[in-house]
Amino acid sequence: MADNSTLPVSVGTEVFANDDISSVKYPRVKLTWGPDGTASDADVASGKPIPMQIRDSGGTSLTDSTGIKISTSQLGSLVNGSVPVVTGGFEYETVAVSQTDQIMGATGAVGDYLDCLLCVVATAATSQVQIKDGNGSAITVLPNAVGAGVGTYPIPIGLRCINATTPGWKITTAAGVTVLASGDFT
(Lines give C-alpha, C1' and ligand atoms only; values in the text may rest on other atoms or scores of the structure.)
Protein backbone atom coordinates (compact mmCIF):
# COMPACT_ATOMS: atom_id res chain seq x y z
CA MET A 1 0.00 0.00 0.00
CA ALA A 2 1.19 3.55 -0.68
CA ASP A 3 2.51 5.93 1.92
CA ASN A 4 0.72 9.23 2.65
CA SER A 5 -2.99 9.90 2.94
CA THR A 6 -5.38 12.44 1.52
CA LEU A 7 -7.90 13.86 3.95
CA PRO A 8 -10.77 16.24 3.22
CA VAL A 9 -10.50 19.74 4.68
CA SER A 10 -12.87 22.72 4.47
CA VAL A 11 -11.72 23.51 0.92
CA GLY A 12 -10.41 20.53 -1.08
CA THR A 13 -8.03 17.95 0.35
CA GLU A 14 -4.67 17.88 2.12
CA VAL A 15 -1.95 15.24 1.85
CA PHE A 16 -0.60 13.98 5.18
CA ALA A 17 2.65 12.05 5.54
CA ASN A 18 2.51 8.54 6.90
CA ASP A 19 4.31 5.24 6.56
CA ASP A 20 2.45 2.10 5.56
CA ILE A 21 3.70 -0.88 7.58
CA SER A 22 1.84 -4.15 6.98
CA SER A 23 -1.33 -2.29 5.87
CA VAL A 24 -1.31 -0.05 8.93
CA LYS A 25 -0.60 3.64 8.37
CA TYR A 26 1.60 5.29 10.99
CA PRO A 27 1.61 9.10 10.97
CA ARG A 28 4.95 10.71 10.22
CA VAL A 29 5.73 13.81 12.21
CA LYS A 30 8.68 16.11 12.07
CA LEU A 31 10.07 17.17 15.43
CA THR A 32 10.62 20.89 15.85
CA TRP A 33 11.45 23.10 18.81
CA GLY A 34 11.50 26.77 19.69
CA PRO A 35 9.52 29.56 21.34
CA ASP A 36 5.89 30.26 20.43
CA GLY A 37 5.52 31.25 16.78
CA THR A 38 8.73 29.54 15.62
CA ALA A 39 9.69 26.03 14.53
CA SER A 40 13.36 25.01 14.37
CA ASP A 41 13.87 21.64 12.71
CA ALA A 42 15.64 19.05 14.86
CA ASP A 43 18.44 17.50 12.83
CA VAL A 44 21.58 16.05 14.35
CA ALA A 45 23.20 15.55 10.93
CA SER A 46 23.20 19.30 10.25
CA GLY A 47 24.25 20.16 13.81
CA LYS A 48 20.81 21.22 15.10
CA PRO A 49 19.91 18.69 17.81
CA ILE A 50 17.11 19.29 20.29
CA PRO A 51 18.54 21.46 23.09
CA MET A 52 18.31 20.00 26.59
CA GLN A 53 18.85 21.36 30.07
CA ILE A 54 19.19 19.65 33.41
CA ARG A 55 17.67 21.66 36.23
CA ASP A 56 17.74 21.23 39.99
CA SER A 57 14.58 21.13 42.10
CA GLY A 58 14.65 24.96 42.33
CA GLY A 59 14.65 25.36 38.53
CA THR A 60 18.29 26.47 38.25
CA SER A 61 19.95 25.22 35.06
CA LEU A 62 22.80 22.79 35.67
CA THR A 63 23.96 22.71 32.04
CA ASP A 64 26.30 24.84 30.00
CA SER A 65 25.91 25.81 26.33
CA THR A 66 26.57 22.20 25.26
CA GLY A 67 23.60 21.08 27.31
CA ILE A 68 25.49 18.34 29.15
CA LYS A 69 28.20 19.65 31.46
CA ILE A 70 27.62 20.23 35.17
CA SER A 71 30.12 22.21 37.21
CA THR A 72 31.65 20.86 40.40
CA SER A 73 29.92 23.51 42.51
CA GLN A 74 26.57 22.65 40.98
CA LEU A 75 27.23 18.95 41.48
CA GLY A 76 27.88 19.58 45.16
CA SER A 77 24.46 21.19 45.50
CA LEU A 78 22.89 17.98 44.24
CA VAL A 79 24.15 15.98 47.22
CA ASN A 80 21.34 17.53 49.26
CA GLY A 81 19.13 18.08 46.22
CA SER A 82 16.81 15.75 44.39
CA VAL A 83 18.59 14.53 41.25
CA PRO A 84 21.61 12.20 41.35
CA VAL A 85 23.69 13.32 38.36
CA VAL A 86 27.18 12.04 37.60
CA THR A 87 29.61 13.80 35.28
CA GLY A 88 32.62 12.37 33.53
CA GLY A 89 31.36 8.80 33.28
CA PHE A 90 32.08 5.89 35.58
CA GLU A 91 35.29 4.30 36.73
CA TYR A 92 35.75 0.95 38.42
CA GLU A 93 37.73 -0.58 41.22
CA THR A 94 38.24 -4.20 42.20
CA VAL A 95 37.95 -5.53 45.74
CA ALA A 96 39.69 -8.84 46.43
CA VAL A 97 38.52 -11.54 48.85
CA SER A 98 38.72 -10.90 52.61
CA GLN A 99 39.07 -7.10 52.42
CA THR A 100 37.86 -4.86 55.24
CA ASP A 101 36.63 -1.31 54.54
CA GLN A 102 38.52 -0.88 51.26
CA ILE A 103 37.99 2.75 50.23
CA MET A 104 36.74 3.38 46.71
CA GLY A 105 39.02 5.85 44.93
CA ALA A 106 42.29 7.29 46.16
CA THR A 107 40.87 9.09 49.20
CA GLY A 108 37.06 9.08 49.06
CA ALA A 109 34.91 12.19 49.49
CA VAL A 110 31.40 13.39 50.17
CA GLY A 111 29.55 13.23 46.85
CA ASP A 112 31.31 10.09 45.58
CA TYR A 113 28.82 8.02 43.61
CA LEU A 114 28.54 4.23 43.93
CA ASP A 115 26.61 3.00 40.90
CA CYS A 116 26.70 -0.78 41.24
CA LEU A 117 28.63 -3.79 42.46
CA LEU A 118 29.35 -6.93 40.46
CA CYS A 119 29.90 -9.64 43.06
CA VAL A 120 31.65 -12.81 41.87
CA VAL A 121 30.95 -15.61 44.34
CA ALA A 122 33.41 -18.53 44.36
CA THR A 123 32.27 -20.01 47.70
CA ALA A 124 28.62 -19.45 48.59
CA ALA A 125 29.10 -20.09 52.32
CA THR A 126 31.41 -17.03 52.55
CA SER A 127 29.84 -14.66 50.03
CA GLN A 128 28.98 -11.66 52.21
CA VAL A 129 29.58 -8.16 50.83
CA GLN A 130 29.02 -5.00 52.88
CA ILE A 131 29.22 -1.30 52.03
CA LYS A 132 29.69 1.72 54.29
CA ASP A 133 29.01 5.39 53.66
CA GLY A 134 32.05 6.95 55.32
CA ASN A 135 32.23 5.69 58.90
CA GLY A 136 28.53 4.79 58.94
CA SER A 137 27.13 1.39 59.78
CA ALA A 138 27.88 -1.57 57.52
CA ILE A 139 25.08 -2.42 55.10
CA THR A 140 24.97 -6.01 53.87
CA VAL A 141 24.21 -6.04 50.14
CA LEU A 142 25.01 -9.72 49.54
CA PRO A 143 24.59 -12.28 52.36
CA ASN A 144 26.60 -15.35 53.22
CA ALA A 145 25.16 -18.55 51.74
CA VAL A 146 23.67 -16.53 48.89
CA GLY A 147 20.56 -18.20 47.43
CA ALA A 148 21.73 -19.39 44.00
CA GLY A 149 25.25 -20.27 45.22
CA VAL A 150 28.37 -19.83 43.10
CA GLY A 151 27.89 -17.22 40.36
CA THR A 152 27.92 -13.54 39.48
CA TYR A 153 25.50 -11.15 41.18
CA PRO A 154 24.93 -7.56 39.97
CA ILE A 155 23.87 -5.30 42.85
CA PRO A 156 22.52 -1.87 41.80
CA ILE A 157 23.33 0.82 44.39
CA GLY A 158 22.88 4.30 42.83
CA LEU A 159 23.83 6.31 45.93
CA ARG A 160 26.10 9.24 46.81
CA CYS A 161 28.33 9.34 49.86
CA ILE A 162 26.92 11.85 52.36
CA ASN A 163 28.80 10.96 55.56
CA ALA A 164 31.47 13.63 56.11
CA THR A 165 33.41 11.75 58.81
CA THR A 166 36.06 9.68 56.98
CA PRO A 167 34.06 10.14 53.73
CA GLY A 168 33.96 7.82 50.78
CA TRP A 169 32.46 4.44 50.01
CA LYS A 170 34.04 1.45 51.75
CA ILE A 171 33.56 -2.20 50.77
CA THR A 172 34.16 -5.31 52.87
CA THR A 173 34.28 -8.78 51.30
CA ALA A 174 34.21 -12.26 52.84
CA ALA A 175 36.62 -15.06 51.87
CA GLY A 176 34.52 -16.41 49.00
CA VAL A 177 33.69 -13.30 46.96
CA THR A 178 35.39 -10.61 44.88
CA VAL A 179 33.76 -7.35 43.80
CA LEU A 180 33.99 -5.03 40.82
CA ALA A 181 32.61 -1.65 41.95
CA SER A 182 31.64 1.05 39.44
CA GLY A 183 30.95 4.69 40.15
CA ASP A 184 32.53 8.12 40.38
CA PHE A 185 35.18 8.02 43.11
CA THR A 186 37.62 10.62 44.47
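The values are calculated or read from the model by the stated rules, or taken from the named source; none is laboratory data. Just so it is clear, the structure is predicted and the values come from calculations on it, not from any experiment. No Cβ is skipped: glycine too gets one built from the backbone with ideal geometry, and neighbour counts run over all protein chains shown.
Key figures for this structure:
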| read-out | value |
| --- | --- |
| Members of the range 1-22 that are part of a loop (DSSP other than H, G, I, E, B) and charged (D, E, K, R) | 3 |
| Test: residue 3 is surrounded by fewer than 11 Cβ atoms within 10 Å (Cβ to Cβ), modelled with pLDDT of 70 or more and over 30 Å from residue 111 (Cα atoms) | no |
| Strands (runs of 3 or more DSSP E) wholly inside the range 144-186 containing at least 3 residues that are in the same structural domain as residue 130 (by TED's automatic domain parsing), touching a strand residue (DSSP E or B) at 6+ places or on another chain (Cβ under 9 Å) and surrounded by fewer than 18 Cβ atoms within 10 Å (Cβ to Cβ) | 151-160 |
| Pairs, first surrounded by 11 or more Cβ atoms within 10 Å (Cβ to Cβ) in the range 18-34, second of a type in the set (Val, Ile, Thr), C-beta under 6 Å, six or more apart | 33/50 |
| Failed criterion for residue 130 (all others in (1) out of contact with any Leu (no Cβ under 8 Å at 6 or more places or on another chain); (2) within 30 Å of residue 59 (Cα to Cα) hold) | (2) |
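Let's see how each residue does on (1) modelled with pLDDT of 75 or more; (2) assigned to a loop (DSSP other than H, G, I, E, B); (3) in the same structural domain as residue 160 (by TED's automatic domain parsing):
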{"site": "66", "(1), (2), (3)": "no, yes, no"}
{"site": "70", "(1), (2), (3)": "no, yes, no"}
{"site": "83", "(1), (2), (3)": "no, yes, no"}
{"site": "105", "(1), (2), (3)": "yes, yes, yes"}
{"site": "116", "(1), (2), (3)": "yes, no, yes"}
{"site": "125", "(1), (2), (3)": "yes, no, yes"}
